[in-house]
Amino acid sequence: MAVDVCCLASPTLSMRIAPFILILLVGQAVSAQDKPDFSGDWILVNRSDAPSNAAQSISVHESFKRESVRGTPVDPPLVTLLVERRINGTVHSELYTVGTISGTVGGTVFGGQREQTRFSTSWDGDRLVIEVRYSGRPVDAGAFSEHKEVWSLDVAQGVLLLAVTEKAPGTEPTTTDLIYRRQVL
């Protein structure tokens with residue numbers, strides 16, 4: 001936002017416009033964070049009910065991009081999440097940009113189909129939805145071909161809720177509900 005310097009030369013005029021500038025700046029900050037804030041360190045609460053491949057802890061770092069590569073405003077801003085999951089002593093990092101669909105295509109052909117992975121991250125109201133789909137390859141025993149996570153915050157309880165749905169070829173989808181509590185340092 002640009003403010004004309006000549007207007008600031010007059011103390012009376014600058015005092016009159018100061019509240020409006022403040023309202024504009026606060027409004028921009030609020031619109032950037034009108035969705036739940038998942039950032040922070042989270043510890044799995046329901047370990048005994050969780051599958052062995054569930055993350056024991058998750059660290060989430062959020063960043064906001066308010067301008068395109070051409071310098072034009074992006075509204076709402078692009079939200080990128082760096083998610084670090086600690087699973088059985090190993091850290092797995094993923095980067096998600098909300099509102100995007102991406103993927104990979106492998107060079108090996110299985111039965112006439114190329115190996116493909118499709119990732120999508122989107123908002124469903126106040127819930128974050130992360131989906132991963134694999135196709136065109138034989139799936140190892142126990143591996144999934146579709147994986148969906150729905151993230152939501154229960155502000156009253158102070159917990160992060162993850163509903164994780166996995167589907168292997170030829171099977172019904174299974175959903176696991178995971179509960180994480182924010183780690184206070």
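Every number in this text was worked out from the coordinates using simple rules, so none of it is lab data. This structure is a prediction, so every number in the text was calculated from the model and none was measured. Cβ sites come from the backbone with ideal geometry, for glycine too, and all protein chains shown count toward neighbours.
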Legend entry - Qualifying strands (runs of 3 or more DSSP E) (wholly inside the range 36-96; at least 2 residues being among the β-branched types (Val, Ile, Thr) and in contact with a Ser or Thr (Cβ under 7 Å, 6 or more places away or on another chain)): 73-87
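Let's see how each residue does on (1) closer than 20 Å to Val129 by Cα; (2) of a type in the set (A, V, I, L, M, F, W, C):
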site: Ala55; (1), (2): yes, yes
site: Ser63; (1), (2): yes, no
site: Ser68; (1), (2): no, no
site: Pro76; (1), (2): yes, no
site: Glu94; (1), (2): yes, no
